[in-house]
1. Go through (1) closer than 18 Å to residue 127 by Cβ; (2) among the basic types (Lys, Arg); (3) modelled with pLDDT of 95 or more for residue 71 and report which single condition fails.
2. From the list 119, 83, exactly one residue is open to solvent by less than 60 Å² (accessible area, probe 1.4 Å), assigned by TED's automatic domain parsing to the domain that holds residue 12, among the polar types (S, T, N, Q) and closer than 14 Å to residue 48 by Cα. Which is it?
3. Taking the residues in the stretch 91-116 that are touching a residue at least 40 places away in the same chain (Cβ under 8 Å) and part of a loop (DSSP other than H, G, I, E, B) as candidates, determine which candidate is surrounded by the most Cβ atoms within 10 Å (Cβ to Cβ).
4. So which residues in the stretch 197-217 are under 44 Å from the mean Cα position of the chain (by Cα), without any contact (Cβ under 8 Å) to a residue 24 or more places away in the chain and buried (at least 17 other Cβ atoms within 10 Å of the Cβ), if there are any at all?
5. Please verify whether residue 72 is open to solvent by 60 Å² or more (accessible area, probe 1.4 Å), in contact with a Gly (Cβ under 9 Å, 6 or more places away or on another chain) and not β-branched (Val, Ile, Thr), treating the condition exactly as stated.
6. From (1) part of a helix (DSSP H, G or I); (2) touching a strand residue (DSSP E or B) at 6+ places or on another chain (Cβ under 9 Å); (3) closer than 21 Å to residue 39 by Cα, pick out the condition that doesn't hold for residue 84.
Amino acid sequence: MTTPAQQIADVFVELSGGSAGAPLEAPELLATLVRYGPELLGVHAVGTVAAVDARAEPQVAGSEDGAQLLKREALKWAEGPGTEARNSGRPIPCVALDGQAAMRRWPRYTSRALELGYTRAAAFPLRTRERPVGALVLLGSPADAPMSEETGALAQALADFTALALIREHELQESRTLSGQLEHALVSRVIIEQAKGVLANSCGLTMDGAFALLRGHARAHRRLLSDVAHDVVEGRLRLDGGDNGLT
């Protein structure tokens, strides 16, 4: 199989986020990979699974319903070429699923794949320098041409590029989350300082004393310190030296 260079380039551009240059979110990225995979790689179907964060549920995509179902069940059974590629970080060469070796190696996976009309499978890890984060599985039917070395090389390149895009998107999301947390912490700190000033002025306290009053009220009423401070600044809560003033 020879795929036009421009077609290959277009798919890599699409995976990178297109002309906007913004990283695709993980579901959209995997959907893009499986949408173009069959035509680009000359196979009947493709499936993929990925989990950048080991604590998160792996995400699955397939170019058709059967491929997606097979990937979900492979994940549940911890069987199949994709599972091995994902665990080892090494590609699994094309395997005939209608042979005894595949049945011994992946009994449930192989039976289901044959039921769905897939007779060959190969898998390529979505890998970074640190670790594999998923796998791309190529599924062939009896009508498909044999998978060539060129197909395998292109599939691994797509898998590696997708892994890098997933990592990039994950890091961007983490950065946004951290930025939001820092911004919230800064706003909370400013509100607390304002509340300390209000109490110091109204109750004749030092700034340390005003903070102790705020903190004592928050603990006694099981509220966030920033929420108490906000109420003080907005005039919804008045405190005195004995913490007896309420809204």
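The values are calculated or read from the model by the stated rules, or taken from the named source; none is laboratory data. Since the model is a prediction, treat every value here as computed from it, not as a measurement. Cβ coordinates were reconstructed from backbone atoms using ideal geometry, including for glycine residues, and neighbour counts include every protein chain displayed. The protein model used for the area step is the full one, side chains on, heavy atoms only, and it has no ligands, DNA or RNA in it. Shrake-Rupley method; radii C 1.70, N 1.55, O 1.52, S 1.80 Å.
1. (3)
2. Numbers: 119 fails: closer than 14 Å to residue 48 by Cα.
Unique residue meeting the criteria: 83.
3. Among those residues, the one meeting the criterion is 91.
4. Matches in the stretch 197-217: 211 only.
5. Values: open to solvent by 60 Å² or more (accessible area, probe 1.4 Å): yes; in contact with a Gly (Cβ under 9 Å, 6 or more places away or on another chain): yes; not β-branched (Val, Ile, Thr): yes.
Considered against the rule, which asks whether it is open to solvent by 60 Å² or more (accessible area, probe 1.4 Å), in contact with a Gly (Cβ under 9 Å, 6 or more places away or on another chain) and not β-branched (Val, Ile, Thr), residue 72 comes out as yes.
6. The failed condition is (3).
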